[in-house]
Ligand SMILES: Nc1ncnc2c1ncn2[C@@H]1O[C@H](COP(=O)(O)OP(=O)(O)O)[C@@H](O)[C@H]1O
Ligand SMILES: [Mg+2]
């Protein structure tokens, strides 16, 4: 994965076209450095649609921050992502994952129970306000990935997700151990300092620590609309 991130960081970006179903400018690109090449999703800061609750121009940094947190947890759920300059200016550049078109995402709780549990916890930790079924991708090698982490890390509780399969259940011990080493690790905090504001980093630590204390997946909020799982 280090190699993928290096290529994304240093390669030349060539825009192929716009991806459908995106609310921000989301470009499919080819990234190459002469010897290696890959497809990537480039989300330039200047193509971000303004939102009432997130500061303008911060979504691309949040995309990268979600990858940093996933890496620090060691969960391998977010495709390698970097924050860099590109043909349309600063943006998030994320490895494009080739979706298995035949995979039915409604089955994912049965086929990928461990990864889906980690995804549910990652969303709590990063306070994901937009985990739709379309943001869960099973690739052609059968691996589950999560994409679209632009609206994460708000200080207010904004968890909006389709993954309520585990609500109220105990967090499995190995995942609790991952959370404990995440909370005790300072290196990711240094990286996030350039990406999020101090209150957002504090809130992130609080959410991870709370999960460690309760050792339970949170319950779905009763005071606002939420989508049950499976999604239909
Ligand atoms: N890394 C990726 N690999 C493959 N497909 C992706 C990736 N990132 C996004 N997509 C696809 O592009 C769509 C739009 O991207 P998304 O990140 O959701 O943009 P937006 O922030 O505008 O909602 C996603 O629903 C998904 O189908
Ligand atoms: Mg989206």
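Could you check the range 84-122 and list, in sequence order, the residues that are away from ligand 2 (no atom under 14 Å from the Cβ) and under 18 Å from residue 195 (Cβ atoms)?
The answer is 84, 85, 86, 89, 90, 91, 93, 122.
Any idea how many residues of the range 155-166 are within 15 Å of ligand 1 (Cβ to nearest atom) and touching a helix residue (DSSP H, G or I) at 6+ places or on another chain (Cβ under 8 Å)?
Looking only at that region, the number is 2.
Please determine, by comparing only the residues of the range 119-132 that are in a loop (DSSP other than H, G, I, E, B) and buried (at least 21 other Cβ atoms within 10 Å of the Cβ), which one is modelled with the lowest pLDDT.
129
Cβ-Cβ below 6 Å, separation at least six or inter-chain, first residue in the range 147-164 and farther than 10 Å from residue 204 by Cα and in contact (Cβ under 8 Å) with a residue 60 or more places away in the chain, second more than 15 Å from ligand 1 (Cβ to nearest atom) and not in a loop (DSSP other than H, G, I, E, B): which pairs?
Here the result reads 163/120, each pair linking the range 147-164 to a residue that is more than 15 Å from ligand 1 (Cβ to nearest atom) and not in a loop (DSSP other than H, G, I, E, B).
How many of the residues in the range 128-146 are in contact (Cβ under 8 Å) with a residue 24 or more places away in the chain and within 16 Å of ligand 2 (Cβ to nearest atom)?
Qualifying residue count, the range 128-146: 11.
For the subset of the range 21-38 comprising residues that are within 19 Å of the chain's Cα centre (by Cα) and free of Cβ contacts under 8 Å to residues at least 24 places away in the same chain, which member is nearest to residue 83 (Cα to Cα)?
Looking at the filtered set, the residue picked out is 26.
For the range 39-51, indicate whether the set of residues that are over 19 Å from the mean Cα position of the chain (by Cα) and away from ligand 2 (no atom under 14 Å from the Cβ) is non-empty.
Yes, some residue in the range 39-51 is over 19 Å from the mean Cα position of the chain (by Cα) and away from ligand 2 (no atom under 14 Å from the Cβ).
Among helices (runs of 4 or more DSSP H) lying entirely in the range 1-118, which contain 3 or more residues that are loosely packed, with under 13 Cβ neighbours inside 10 Å?
In the range 1-118, the matching helices (runs of 4 or more DSSP H) lie at 2-10.
The values are calculated or read from the model by the stated rules, or taken from the named source; none is laboratory data. Predicted, not measured: the structure shown is a model, and the values here were computed from it. All Cβ positions, even for glycine, are placed from backbone atoms using ideal geometry, and neighbour counts span all protein chains on display.
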